[in-house]
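Encoded as structure tokens, the structure appears first; notes follow it.
Each reported figure results from applying straightforward, stated rules to the coordinates on display, with no laboratory input. What you are looking at is a predicted structure, and each value in this text was computed from that prediction instead of being measured. Note: ideal-geometry Cβ built from the backbone for every residue, glycine included; neighbour counts use all protein chains shown.
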Amino acid sequence: VNHGSADEKKISLTFNVVWGEEYIPQILDILGENDVQATFFLGGQWVDDFPELAGKIAGAGHEVGNHGYSHLHQERISKAANIEEIRKAETSINNVTGIKPKLFAPPYGERGDVILKAAEEAGYTTIFWSIDTIDWQRPEPSVITDRVLARAHNGAIVLMHPTAPTVNSLPVIIRELKKQGYQLVKVSSLLENMADVKVEES
């Protein structure tokens, strides 16, 4: 799935987290101050290393998704190894948060059949995005803001990471999207009407 229904004025902010833990508290504060719920795709190894932060993300009511365990290039490994990566991350997330995720964001956004089939067999919906902030390159905050606002659309899934420029751009992005009438929701809320969802074609 790379975006939700075009009929509803909703957008999801997502964060892929395997590093950048120093920025998580600020991101959580900004989301909380603005009454926004986001979806965080957590790497299992990261959860093992930073259980308190993972717990804070879940405790704040945000959606927790699976981002694999080791942040491997999962296209390069077998289906069985893919399932093991997903399951291992699931165990780490569940042990810390009590949550069994239902959404999977593949590391590096890889889309090979081996990944998609493994995720499906493991019971997951695979999530991509329709707006990529490319914030991992750490551009100026205004660049991140412009990338989101210029491409904002109904059902958008926005890909972000915990970086300093992301922290600085986030309040502006939230304010401007709300001003445009968008409701900012978790990915699962965006996809409630699955019949209307755009599924990525191979």
Karplus ³J(HN,Hα) for region 8-21 (6.51 cos²θ - 1.76 cosθ + 1.60, θ = phi - 60°; Hz, whole; x = Gly/Pro) runs 10, 7, 10, 9, 10, 8, 10, 10, 8, 10, 9, 7, x, 4
The chain: antiparallel bridges as % of DSSP beta bridges, rounded to 5, reads 5 percent
With +1 at each Lys and Arg Cβ and -1 at each Asp and Glu Cβ, the charge dipole magnitude of the chain around its Cα centre, to the nearest 20 debye, comes out at 240 debye
Spelling it out for residue 15: with amide H atoms placed in the peptide plane at 1.01 Å from N, the residues 5 or more places away or on another chain with amide H under 5 Å from its amide H are 39, 40, 41, 160
Rounded to the nearest 10 degrees, the helix 141-151 long axis (Cα) sits at an angle to the longest Cα principal axis of the chain of 90 degrees
At R0 = 30 Å the Cβ-Cβ FRET efficiency linking residue 9 and residue 78, nearest 0.05, sits at 0.10
Tilt, helix 79-97 to longest principal axis of the chain (alpha-carbon atoms), in degrees rounded to tens, equals 60 degrees
A student asked for the Cα radius of gyration and Dmax of the chain in angstrom ought to give 15.7, 46
dims of region 80-151, Cα set, principal axes, largest to smallest, nearest Å -> 40, 30, 18
Straight-line reach check, residue 102, cutoff 26 Å on alpha carbons, 8 or more apart in-chain or any other chain, hits among lysines -> 9, 10, 56, 79, 88, 117, 186, 198
In debye to the nearest 20, the charge dipole size for region 1-76, taken about the Cα centre with +1 at each Lys and Arg Cβ and -1 at each Asp and Glu Cβ, equals 240 debye
For the chain, the longest principal axis of the Cα atoms and the Cα long axis of helix 164-179 enclose an angle in degrees, to the nearest 10, of 60 degrees
If R0 = 30 Å, then residue 134 and residue 56, at their Cβ-Cβ distance, give a FRET efficiency to the nearest 0.05 of 0.70
From the Cα centre of region 103-170 to that of region 40-56, the distance in Å is 18 Å
HN-Hα couplings for region 23-31 via Karplus (6.51, -1.76, 1.60; θ = phi - 60°), in whole Hz with x for Gly/Pro, come out as 9, 4, x, 5, 4, 5, 5, 5, 4
Contour minus Cα-Cα span, residue 172 to residue 143, at 0.36 nm per residue, comes to 9.3 nm
